[in-house]
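Please read the structure below before turning to the comments.
The values are calculated or read from the model by the stated rules, or taken from the named source; none is laboratory data. Predicted model, so just to flag it, every value in this text is computed and none were measured. FYI the Cβ positions are ideal-geometry reconstructions off the backbone, even for glycines, and counts take in every protein chain you see.
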Amino acid sequence: MDIVINLLVSVMAASTPLLLAATGELVVEKVAVLNLGVEGMMLMGAIAGFAVAHETGSLPLALLAAIFAGMALSLLFAFLTLTLQANQTATGLALTIFGRGFSALVGAGYVGISAPTLPHIHIPVLSDIPVLGQILFSYDPLIYLALALLAFVAWFLSKTHAGLIMRAIGDQHDAAHVLGYKVIRIRYLAVLFGGAMAGLAGAYMSLAYTPLWAQDMIAGRGWVALALVTFAAWRPFWLLIGAWLFGAMMYLSLYVQGLGVPVPSAFLSAVPYIGTVVVLVLISRDSRRIRLHRPAMLGRAFQAGN
Amino acid sequence: MTTPLLQLNGIVKQYPGCLANDHVDLTIDRHQIHALLGENGAGKSTLVKIIYGVVHPDEGSILWQGERVTITSPAHARRLGIGMVFQHFSLFEALTVAENIALGLDNPKDRVNLRDRIIKISASYGLPVDPDRTVHDLSVGERQRIEIVRCLLQNPKLLIMDEPTSVLTPKEAETLFTTLRRLASEGCSILYISHKLEEVRALCEAATIMRAGRVVAQCIPAEKTARELASIMISADLKPAHERRPAPTVGLPRLVLNKLTLRATSEFGTSLKSISLTVSGGEIVGIAGIAGNGQGELMDALSGEILAGKPETVLLDGKPAGHLGPYDRRKLGGCFVPEERNGHGAVTTMSLSENAYLSAHLRGALSKLGVINHRRTNTYAASIIERFDVRTTGPAALAKSLSGGNLQKFLVGREVMLDPAVLVISQPTWGVDAGAALAIHEAIIALAAAGAAVVIISQDLDEIFQLSDRIAVIAAGTLSEPVPVAEASLERIGLLMGGSHTASEAPAHV
């Protein structure tokens, strides 16, 4: 029983940063912007959150700082790609490289020290139910927030008029422009939302998951989040499945390492990354479905009057 | 006299290198169906975009119901009561009909009970649309109905229609006219842009004719003949439509299709079912049909973009070519002009001479050891521009800078100049003005007279009847037996387009 509870609890924790970042990127890609800077924005969020938590001791302030750090970097991306029409792929890669370097620079003094970590909630009665209480009602608040945000985004995109406009812009930005929708402004907002989510995801890593600051501590999770969005074929429900899958493999690889199986640990650490992508590719290999859900304008610049 | 609905005075719009509108005046009365005529590049589109608020004029005033207005955006135009149906539809393919319509409604109140109101309006105006279907599945005619319904939901006072019938069957066009006449009688004026002069004569009560950015005439179309209208448009007297050639001296078969069968590659495509056709040198075969009945797939199968498999299914000049891609088929003497000009027919971001090189280098000796001879390529492109009267700044102009009709002239000219053994051409004059269409038609006829086998895939029945020696109809992926044009009547072809030769199979997708 314990192993099952352990599994579930650690899956939830490991999947949350992916879920936060991927939910943000999903919104960005739905309006057809491809921001490859997720990894960089997560690192900025991680160090901003950790540093503020360490200096002030306030977790709400730390989370806000992380959100702003992610948004600041995404604002730079939006300005370069949406206003100045720079290439999105190159700009996104540059953003990640910048985020890694800058976070390492700022974080040099924070390596190996501690900061307050996110507490787990405790709801009287509910959290005390054996097994069920542990599985359902005893995580930190961000885990619930991540799930709620995913559900909200799914509902928003499919059921609201604003969500419809966003999908329309992703499908045919020229037509949306002709109808009078502000393509650039809406893309800015989506990119900023993506930055905020990536920042929050980074803070989750440094304040709850690890919880420590170490250089490059995101360790490729930003890239997995990007892959999740694509291989989930831009459908929120499959993001959740993908993120949980990653969490489960993360747990298994640690578990196997703990058993002392004679497999190189570097290989075991790689398993969740490769495994998640392979499984997602296999389940979403229906190219027709991908075509149907893929924002048709993904990565393409928009200029009014063209 | 009542105040006119819309009055434009002295509208000027200058683009870099081109004066698109030069002091244009236009007056549209209430209840009026008003035609706007002109060649490609005459400035019609610019004028219409100004009325709809997409483009802002440099000079001039707009009076709407007698009051001076500055139309700042399409949303503003819609608030005033101006609706527009675009030639190239501004629809979102991945969304449903109802979602598409909701996007075009600015007032949230209009979106209440939208599905019911769509059904009601579409029923009362004879414009059947199903609000829950995805646009991707729909035919061109259905897509146009969505745009019209979207406009009607906002109770427009003026409806602008940009070449609405260029994609419709005669029957669909007739239905559209009935709708438009009813709208006009109910008080909605219509600004109607078209190249089809007979249509304008039958439908419109007034016409404004533009040429090179200026208004050159205003008239009542019913009082003029189509030829008079055309000659005002292009400023020269039109040569009489070319006499039908005497029965062609038919040569050897140059293009043969043997039971060509092709499974649809996308879920919205049409499968080709055992298509057989023989086209001989000197002959023009027209393939009529309603859009979306397999024309695109047939074009792909003929050009080699999609391989049908066995070599013998396609014979070019007697040589099996079914297994060959476009490059090798071109080497065998085939030339292909696809329907979609941008990105398919032409590389839009390249210059005209580069585009000319891309299709001609196999035969034109335009390169040596892989190095492009720029001088010769430019001369070649310039000769296409000259012979087909392509309006552009020269061979260095980017393909995307040309208007649709001009680019089409260039693309057709590019292939015709190669003197192909087999020419397959899809929608040769879609969106092309009367003068240019004549040039393209003459080139096609001359090519056939010189011994080439020509296949024309077109939805324009006038064109099919004008050019073809034999006419076949494609419906639901099946090709009818071609009939000589002398034995073909509009009714018979129309019946075939509805799929009556495939009575045992599912009806055509209309």
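Every condition in (1) of a type in the set (Ser, Thr, Tyr); (2) part of a loop (DSSP other than H, G, I, E, B); (3) within 14 Å of another protein chain (Cβ to nearest Cβ) holds for A:Ser114 except the one numbered (3).
Yes/no matrix, rows are residues, columns are (1) assigned by TED's automatic domain parsing to the domain that holds B:Arg227; (2) touching a Gly at 6+ places or on another chain (Cβ under 9 Å); (3) at pLDDT below 90:
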residue	(1), (2), (3)
B:Met1	no, no, yes
B:Gly17	yes, no, yes
B:Leu26	yes, no, no
B:Gly43	yes, yes, yes
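Close Cβ contacts (under 8 Å, 6 or more residues apart or on different chains) running from residues in region B:38-57 that are away from chain A (no Cβ under 14 Å) to residues that are hydroxyl-bearing (Ser, Thr, Tyr) and surrounded by fewer than 24 Cβ atoms within 10 Å (Cβ to Cβ) comprise B:Asn40/B:Ser403; B:Gly41/B:Ser403.
Is it the case, given these coordinates, that B:Glu59 is farther than 24 Å from B:Arg143 by Cβ and at pLDDT below 90? Spelling it out, it is not the case that B:Glu59 is farther than 24 Å from B:Arg143 by Cβ and at pLDDT below 90.
Counting only helices (runs of 4 or more DSSP H) that sit completely within region A:204-306, those holding 1 or more residues that are within 14 Å of another protein chain (Cβ to nearest Cβ) correspond to A:287-293. Look at (1) modelled with pLDDT of 85 or more; (2) surrounded by fewer than 17 Cβ atoms within 10 Å (Cβ to Cβ); (3) in contact with a strand residue (DSSP E or B) (Cβ under 9 Å, 6 or more places away or on another chain) and you find that B:Gly304 fails only one, number (2).
In summary, strands (runs of 3 or more DSSP E) completely within region B:268-349 and bearing 1 or more residues that are under 27 Å from the mean Cα position of the chain (by Cα) and assigned by TED's automatic domain parsing to the domain that holds B:Val422 occur at B:272-280, B:284-288, B:334-337. Set side by side, the residues A:Ala168, A:Ala162, A:Ala198, A:Ala176 differ, and just one is among the hydrophobic types (A, V, I, L, M, F, W, C), touching a residue at least 24 places away in the same chain (Cβ under 8 Å) and in a helix (DSSP H, G or I), which is A:Ala198.
Among residues of region B:169-187 being in contact (Cβ under 8 Å) with a residue 40 or more places away in the chain and in a loop (DSSP other than H, G, I, E, B), the one that is surrounded by the fewest Cβ atoms within 10 Å (Cβ to Cβ) is B:Gly187.
What is the residue count in region B:133-189 for residues that are under 20 Å from B:Ile82 (Cβ atoms) and among the β-branched types (Val, Ile, Thr)? So that I can check it myself, show each step before the final result.
Here is the first cut: in region B:133-189, the ones under 20 Å from B:Ile82 (Cβ atoms) are B:144-164, B:176, B:179-189.
Still in the running and among the β-branched types (Val, Ile, Thr): B:146, B:148-149, B:160, B:179.
Summing the residues that are under 20 Å from B:Ile82 (Cβ atoms) and among the β-branched types (Val, Ile, Thr) in region B:133-189 gives 5.
For B:Asn378, the conditions (1) more than 24 Å from the chain's Cα centre (by Cα); (2) surrounded by fewer than 15 Cβ atoms within 10 Å (Cβ to Cβ); (3) more than 30 Å from B:Ser276 (Cβ to Cβ) all hold with the exception of (2). Screening region A:265-306 for residues that are polar (S, T, N, Q) and exposed (fewer than 14 other Cβ atoms within 10 Å of the Cβ) and picking the one that is nearest to A:Gly222 (Cα to Cα) gives A:Ser265. Restricting region B:88-99 to residues that are in contact with a helix residue (DSSP H, G or I) (Cβ under 6 Å, 6 or more places away or on another chain) and in contact (Cβ under 8 Å) with a residue 40 or more places away in the chain leaves a set whose member that is farthest from the other protein chains (Cβ to nearest Cβ) is B:Val97. For region A:138-155, the criterion of being assigned to a helix (DSSP H, G or I), of a type in the set (S, T, N, Q), away from chain B (no Cβ under 14 Å) and in contact (Cβ under 8 Å) with a residue 12 or more places away in the chain is satisfied by no residue at all. Scanning region B:45-80 for residues that are in contact with a Lys or Arg (Cβ under 6 Å, 6 or more places away or on another chain) and of a type outside the set (Ser, Thr, Tyr) yields B:Val55, B:Pro57, B:Asp58. Checked against (1) over 27 Å from the mean Cα position of the chain (by Cα); (2) within 12 Å of another protein chain (Cβ to nearest Cβ); (3) surrounded by fewer than 16 Cβ atoms within 10 Å (Cβ to Cβ), B:Arg68 meets all criteria but (2).
Is region B:414-427 home to any residue that is touching a Pro at 6+ places or on another chain (Cβ under 7 Å), buried (at least 24 other Cβ atoms within 10 Å of the Cβ), over 25 Å from B:Lys259 (Cβ atoms) and in the same structural domain as B:Pro326 (by TED's automatic domain parsing)? So far as region B:414-427 goes, no, none of its residues is touching a Pro at 6+ places or on another chain (Cβ under 7 Å), buried (at least 24 other Cβ atoms within 10 Å of the Cβ), over 25 Å from B:Lys259 (Cβ atoms) and in the same structural domain as B:Pro326 (by TED's automatic domain parsing).
Only one entry in B:Val112, B:Val85, B:Val129, B:Val140 is surrounded by 16 or more Cβ atoms within 10 Å (Cβ to Cβ) and within 14 Å of chain A (Cβ to nearest Cβ), namely B:Val85. Taking the numbered list (1) among the hydrophobic types (A, V, I, L, M, F, W, C); (2) touching a residue at least 24 places away in the same chain (Cβ under 8 Å); (3) surrounded by fewer than 22 Cβ atoms within 10 Å (Cβ to Cβ); (4) not in a loop (DSSP other than H, G, I, E, B) in turn, B:Ala396 passes all entries but (4). Scanning region A:218-225 turns up at least one residue that is in contact with a helix residue (DSSP H, G or I) (Cβ under 9 Å, 6 or more places away or on another chain), more than 30 Å from A:Asp171 (Cα to Cα) and either aliphatic (A, V, I, L, M) or surrounded by 20 or more Cβ atoms within 10 Å (Cβ to Cβ) (or both). If you take the residues in region B:71-82 that are surrounded by 16 or more Cβ atoms within 10 Å (Cβ to Cβ) and more than 7 Å from chain A (Cβ to nearest Cβ), which one is farthest from B:Thr2 (Cα to Cα)? Ranking the candidates gives B:His76 first.
Taken over region A:120-137, the criterion of being in a loop (DSSP other than H, G, I, E, B) and either touching a Gly at 6+ places or on another chain (Cβ under 6 Å) or touching a residue at least 60 places away in the same chain (Cβ under 8 Å) (or both) is satisfied by A:Val131 alone. For beta carbons closer than 7 Å, sequence separation of 6+ or different chains, a first residue in region B:453-478 that is hydroxyl-bearing (Ser, Thr, Tyr) and buried (at least 24 other Cβ atoms within 10 Å of the Cβ) and a second that is at pLDDT 85 or above and part of a helix (DSSP H, G or I), the qualifying pairs are B:Ser468/B:Val485. Restricting attention to region A:160-198 and to residues that are among the basic types (Lys, Arg) and surrounded by fewer than 19 Cβ atoms within 10 Å (Cβ to Cβ), the residue that is nearest to the other protein chains (Cβ to nearest Cβ) turns out to be A:Lys182. From B:Ile118, B:Ile160, B:Ile101, B:Ile146, grab the single residue that is more than 23 Å from A:Ala162 (Cβ to Cβ) and not small (Gly, Ala, Ser). So the residue among B:Ile118, B:Ile160, B:Ile101, B:Ile146 that is more than 23 Å from A:Ala162 (Cβ to Cβ) and not small (Gly, Ala, Ser) is B:Ile160.
Take the conditions (1) in a loop (DSSP other than H, G, I, E, B); (2) under 30 Å from B:Gly251 (Cα atoms); (3) touching an Asp or Glu at 6+ places or on another chain (Cβ under 9 Å); B:Ala365 misses just one of them, which is (3).
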